[in-house]
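Step one of this worksheet: look at the structure below.
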């Protein structure tokens with residue numbers, strides 16, 4: 001049985017394998033960089049780790065024959081109302097303005113977040129999304145979000161702060177479900193890359209904590225997760241209703 005055939009028969013297992021491969025490669029790069037590279041080169045090490053999230057998905061896309069399924073089409077770039085609704089968390093982070101001095105190198109941060117967003121979206125909303133669509137839509141969205149969140153356990157592996165890493169993973173899973181829902185609704189990988197990058201930058205440069213304090217900042221963070229889950233749930237429910245109608249129209253039992 002070929003890799004493609006195995007992925008077709010066992011999409012969830014194939015998705016977990018793809019995410020696990022990326023997790024292992026990223027950890028290897030970060031651990032090696034921390035061990036052998038000077039501290040001043042840490043930014044470049046992180047960029048190399050992010051770059052690996054581009055290379056591996058491209059190889060997987062070729063191996064699985066998914067070039068037409070990962071969402072590279074340029075004819076779906078028109079943002080839908082649902083896609084625009086996914087920017088509500090961005091507006092929540094930016095509700096009190098932004099602080100461009102939150103990071104010393106704004107241009108470098110934008111570049112890193114672009115590479116990060118493109119790589120993660122290519123893997124999760126490109127390759128893994130294409131694999132998981134063999135499942136019911138709600139299962140694909142939930143599984144994709146959870147796998148995306150699990151990648152953020154890397155922070156626990158690197159610094160040993162597992163309670164913080166678990167919370168980060170769960171919060172990232174909420175965003176991952178919203179990204180997956182946006183990918184499903186728009187059919188475009190490029191639009192979701194933009195959404196992912198802008199949301200990351202809004203969170204990083206948010207002025208909320210500086211003006212209103214850490215408690216309000218935590219409240220905003222939690223509120224964004226509620227919005228992200230609500231948007232993902234709306235898509236899952238809508239997809240389930242459409243599937244139910246099709247099943248009834250074809251005379252198949254639900």
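Some values worked out for this structure:
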{"read-out": "Residue match in region 22-45 (condition: closer than 24 Å to residue 178 by Cβ, touching a helix residue (DSSP H, G or I) at 6+ places or on another chain (Cβ under 7 Å) and surrounded by fewer than 19 Cβ atoms within 10 Å (Cβ to Cβ))", "value": "yes"}
{"read-out": "Residue check, residue 242 out of contact with any helix residue (DSSP H, G or I) (no Cβ under 8 Å at 6 or more places or on another chain), assigned to a helix (DSSP H, G or I) and in contact (Cβ under 8 Å) with a residue 40 or more places away in the chain", "value": "no"}
{"read-out": "Residue 76 touching a helix residue (DSSP H, G or I) at 6+ places or on another chain (Cβ under 9 Å), closer than 24 Å to residue 209 by Cβ and surrounded by fewer than 17 Cβ atoms within 10 Å (Cβ to Cβ)", "value": "no"}
{"read-out": "Residue 187 within 22 Å of the chain's Cα centre (by Cα), under 30 Å from residue 76 (Cα atoms) and surrounded by fewer than 21 Cβ atoms within 10 Å (Cβ to Cβ)", "value": "yes"}
{"read-out": "Among (1) closer than 27 Å to residue 133 by Cβ; (2) under 21 Å from the mean Cα position of the chain (by Cα); (3) surrounded by 13 or more Cβ atoms within 10 Å (Cβ to Cβ) - the single one residue 63 does not satisfy", "value": "(2)"}
{"read-out": "Qualifying residue in region 149-164 (condition: in contact with a helix residue (DSSP H, G or I) (Cβ under 6 Å, 6 or more places away or on another chain), closer than 17 Å to residue 22 by Cα, modelled with pLDDT of 95 or more and buried (at least 23 other Cβ atoms within 10 Å of the Cβ))", "value": "no"}
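Listed here are the residues, each with its yes/no results for (1) within 18 Å of residue 235 (Cα to Cα); (2) at pLDDT 90 or above.
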site: 38; (1), (2): no, yes
site: 59; (1), (2): no, yes
site: 65; (1), (2): no, yes
site: 89; (1), (2): yes, yes
site: 94; (1), (2): no, yes
site: 105; (1), (2): no, no
site: 120; (1), (2): no, yes
site: 123; (1), (2): no, yes
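The values are calculated or read from the model by the stated rules, or taken from the named source; none is laboratory data. The structure presented is a predicted model; accordingly, all values stated were derived computationally and were not measured. Positions of Cβ are backbone-derived with ideal geometry, glycine not excepted, and every protein chain shown enters the neighbour counts.
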